[in-house]
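Engineer: Here it is, the structure in full.
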Amino acid sequence: MKKVLFISFDVPFDGVGHAGGKTHNYYLKKVSRSEEFETFLISFCIPRDLQKTDCDKYNIDNKIFCIRPEKKYRLLRGIINISSRYNPWNKYAGMIPEYYVRKILGQLNKMKKSGYRPDIIILEWTSIVLLAPIIKKIYPEAKLIASEHDVSFLGYKRKYAYENGIYKKWLAGVRYKTMHRQELKAINICDYVFPHNHKDAALLLNESVPKEKIHPIVPYYMDFTDMEWIGKSKNVVFFGAMSRPENHLSAIWFIENVMPLLKGTGVVFQVIGGGASEELKKMESENVRILGFIEDVSPFFQDALCMAAPLVLGAGIKVKVIEGMSSGMPVLTNKLGIEGIYAKDGEHYCHCEKPKDYADCIKMLINDREKAEKISAASKELIKNKFDMEKSADKYIEILKRM
């Protein structure tokens with residue numbers, strides 16, 4: 001049996017709430033079910049997720065570090081993380097705390113001394129991929145795979161462009177240059193890279209990463225293709241983890257810039273996702289609903305007029321857009337929201353950049369049911385054809401077997 005070691009920033013488990021964790025969980029469990037592999041996971045979690053971990057259920061050996069919230073532990077981590085948090089020239093661009101680095105490397109050295117020798121090491125998220133140069137020194141004979149949930153230097157570049165303040169813009173620029181250099185260095189040390197969409201695969205190819213290394217995979221998503229979209233309401237859904245800056249800022253942008261243009265139409269903006277800030281909650285009104293985390297979003301998708309994803313930051317494929325399109329609910333989004341999906345404006349979704357674009361499209365969907373139904377059917381078909389998770393998992397397993 002081949003020994004496959006997964007290293008990740010955030011522990012996966014069935015029912016994990018964030019998109020990256022769902023993809024990590026999906027492929028980890030696929031590998032663990034194969035009789036040809038023996039799996040081990042090194043990861044981290046917060047106390048409330050410790051009881052949710054299910055590695056034992058799937059026969060996955062593991063070392064999960066629990067990030068304790070007590071003051072003494074926070075103080076210790078704060079001291080260890082001073083450089084990674086405050087040093088503008090930190091070699092990981094502040095993406096991974098020094099505490100995590102020490103724990104991972106300490107565990108790897110401990111496992112090596114005990115005789116553990118992995119054949120394949122899969123590094124989940126760029127934060128862990130950045131450790132490839134050090135991990136390669138510990139296990140020089142192991143094959144390394146970079147699982148790039150998104151190409152992070154692109155997100156850093158966009159944050160640099162977005163910032164306005166002199167200091168914040170300078171800091172974002174320094175970190176972008178560091179991330180660009182270090183991420184590509186780490187990827188080139190790895191034997192394979194699994195981008196989670198074809199757009200990122202093309203981006204890496206353009207950065208001179210050898211083509212034979214690049215094998216894009218399909219991210220895990222909640223598949224609503226069997227759901228019938230009804231869309232009889234005038235609800236516009238915004239969906240995502242609201243604790244993430246790109247979602248928080250995007251929702252506020254829509255409320256401030258688009259909703260005033262829809263006054264008198266009866267349109268209600270529904271924000272679904274946990275972690276909403278007090279600033280966002282204060283914006284709730286008759287036509288803006290901050291709904292928080294919802295276990296089953298399918299009734300909201302089925303009933304909504306459309307989904308809006310006016311993203312102002314971020315990189316990589318947007319799983320929420322795939323999920324919205326799979327439901328048949330017409331999706332309104334911009335260049336950032338649709339990248340990596342290769343859908344056609346007016347056929348599979350509605351492309352919007354300015355506030356008026358969103359308002360006009362929403363009004364069109366209200367008044368032209370036939371057009372809305374055509375977009376609904378086409379978006380479902382696109383997701384069925386282009387985002388087959390089972391085929392992607394088969395390809396993933398086959399590459400591991402060949403290695």
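Engineer: Hey, among 335, 384, which residue is within 25 Å of the chain's Cα centre (by Cα), surrounded by fewer than 21 Cβ atoms within 10 Å (Cβ to Cβ) and free of Cβ contacts under 8 Å to residues at least 60 places away in the same chain? Reasoning before the result, please.
Structural biologist: Details: 384 fails: free of Cβ contacts under 8 Å to residues at least 60 places away in the same chain.
Of 335, 384, the one residue that is within 25 Å of the chain's Cα centre (by Cα), surrounded by fewer than 21 Cβ atoms within 10 Å (Cβ to Cβ) and free of Cβ contacts under 8 Å to residues at least 60 places away in the same chain is 335.
Engineer: Please work out which residue is nearest to residue 126 (Cα to Cα), limiting yourself to the stretch 1-37 and to residues that are assigned to a helix (DSSP H, G or I) and without any contact (Cβ under 8 Å) to a residue 60 or more places away in the chain.
Structural biologist: Let us first name the residues in the stretch 1-37 that are assigned to a helix (DSSP H, G or I), namely 19-33.
Filter once more, keeping what is without any contact (Cβ under 8 Å) to a residue 60 or more places away in the chain: 21, 28-29, 32-33.
Working: 21: 13, 28: 17, 29: 20, 32: 22, 33: 25 Å.
Among those that are assigned to a helix (DSSP H, G or I) and without any contact (Cβ under 8 Å) to a residue 60 or more places away in the chain, it is 21.
Engineer: Give the residue that is surrounded by the fewest Cβ atoms within 10 Å (Cβ to Cβ), with candidates limited to residues of the stretch 286-310 that are assigned to a loop (DSSP other than H, G, I, E, B) and touching a strand residue (DSSP E or B) at 6+ places or on another chain (Cβ under 9 Å).
Structural biologist: Keep residues of the stretch 286-310 that are assigned to a loop (DSSP other than H, G, I, E, B), which gives 286-287, 293-297, 304-305, 310.
Keeping just the survivors that are touching a strand residue (DSSP E or B) at 6+ places or on another chain (Cβ under 9 Å) gives 286-287, 293-294, 297, 304-305, 310.
Working: 286: 6, 287: 17, 293: 13, 294: 14, 297: 21, 304: 27, 305: 21, 310: 23.
Among them, the one singled out is 286.
Engineer: Can you name every one of the helices (runs of 4 or more DSSP H) wholly within the stretch 73-176 that holds 3 or more residues which are touching a helix residue (DSSP H, G or I) at 6+ places or on another chain (Cβ under 7 Å), touching a residue at least 24 places away in the same chain (Cβ under 8 Å) and not hydroxyl-bearing (Ser, Thr, Tyr)?
Structural biologist: On the way: elements: 82-86, 98-113, 126-129, 132-138, 152-162.
Ranges flagged: 98-113, 132-138, 152-162.
Engineer: Taking the condition of being part of a loop (DSSP other than H, G, I, E, B) and closer than 30 Å to residue 394 by Cβ, how many residues in the stretch 218-248 meet it?
Structural biologist: Kept after step one, since they are part of a loop (DSSP other than H, G, I, E, B), are these residues of the stretch 218-248: 218-234, 240-244.
So of that shortlist, the ones also closer than 30 Å to residue 394 by Cβ come out as 218-229, 240-241.
So the answer is 14.
Engineer: Same structure, new question: Please work out which residue is most open to solvent (accessible area, probe 1.4 Å), limiting yourself to the stretch 146-184 and to residues that are aliphatic (A, V, I, L, M) and more than 18 Å from the chain's Cα centre (by Cα). Even if it seems obvious, please write down each step before you answer.
Structural biologist: The first filter runs over the stretch 146-184 and keeps only residues aliphatic (A, V, I, L, M), leaving 146, 151, 154, 161, 166, 171-172, 174, 179, 184.
Keeping just the survivors that are more than 18 Å from the chain's Cα centre (by Cα) gives 161, 166, 171-172, 174, 184.
Numbers: 161: 73, 166: 153, 171: 35, 172: 12, 174: 23, 184: 19 Å².
Per the stated criteria, the residue is 166.
Engineer: Just give me the residues in the stretch 349-373 being surrounded by fewer than 19 Cβ atoms within 10 Å (Cβ to Cβ) and closer than 15 Å to residue 324 by Cα, in sequence order.
Structural biologist: Within the stretch 349-373, 351, 373 qualify.
Engineer: Looking at the stretch 38-72 only, could you name the residues that are touching a helix residue (DSSP H, G or I) at 6+ places or on another chain (Cβ under 6 Å), outside any loop (DSSP other than H, G, I, E, B) and surrounded by 19 or more Cβ atoms within 10 Å (Cβ to Cβ)?
Structural biologist: Matches in the stretch 38-72: 39, 42.
So that you can scan it fast, the table gives a plain yes or no per residue for (1) modelled with pLDDT of 95 or more; (2) open to solvent by 30 Å² or more (accessible area, probe 1.4 Å); (3) out of contact with any helix residue (DSSP H, G or I) (no Cβ under 8 Å at 6 or more places or on another chain):
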{"position": "228", "(1), (2), (3)": "no, yes, no"}
{"position": "236", "(1), (2), (3)": "yes, no, no"}
{"position": "241", "(1), (2), (3)": "no, yes, no"}
{"position": "244", "(1), (2), (3)": "no, yes, yes"}
{"position": "250", "(1), (2), (3)": "no, no, yes"}
{"position": "253", "(1), (2), (3)": "no, yes, yes"}
{"position": "264", "(1), (2), (3)": "no, yes, yes"}
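Engineer: May I ask you to verify whether residue 232 is more than 30 Å from residue 143 (Cα to Cα) and not aromatic (Phe, Trp, Tyr)? Break it down stepwise before answering.
Structural biologist: Details: more than 30 Å from residue 143 (Cα to Cα): yes; not aromatic (Phe, Trp, Tyr): yes.
Here the answer is yes, as residue 232 does meet what is asked.
Engineer: Which of (1) modelled with pLDDT under 90; (2) crowded, with 24+ Cβ neighbours inside 10 Å does residue 321 not meet, given it meets every other one?
Structural biologist: All conditions pass for residue 321, except number (1).
Engineer: Step by step: first the residues of the stretch 188-217, then only those that are out of contact with any strand residue (DSSP E or B) (no Cβ under 9 Å at 6 or more places or on another chain) and in a loop (DSSP other than H, G, I, E, B), then the one that is surrounded by the fewest Cβ atoms within 10 Å (Cβ to Cβ). Which residue is that?
Structural biologist: 208
Engineer: Still on this structure, I have one more. I'd like the full set of residues that are hydroxyl-bearing (Ser, Thr, Tyr), open to solvent by less than 40 Å² (accessible area, probe 1.4 Å) and at pLDDT below 95, limited to the stretch 78-131. Lay out the reasoning, then the answer.
Structural biologist: Applying the first criterion (hydroxyl-bearing (Ser, Thr, Tyr)) to the stretch 78-131 yields 83-84, 86, 92, 99-100, 114, 116, 126-127.
The next check asks that each one be open to solvent by less than 40 Å² (accessible area, probe 1.4 Å); those that pass are 84, 92, 99-100, 116, 126-127.
Within the stretch 78-131, 84, 92 meet the criteria.
The values are calculated or read from the model by the stated rules, or taken from the named source; none is laboratory data. All values reported here derive from a predicted model rather than from experimental measurement. Counting neighbours? That spans all protein chains shown, and the Cβs are built from the backbone with ideal geometry, glycine included. Ligands, DNA and RNA are stripped out before the accessible areas are found, and what is left, the full protein with its side chains, is counted by its heavy atoms. Shrake-Rupley method; radii C 1.70, N 1.55, O 1.52, S 1.80 Å.
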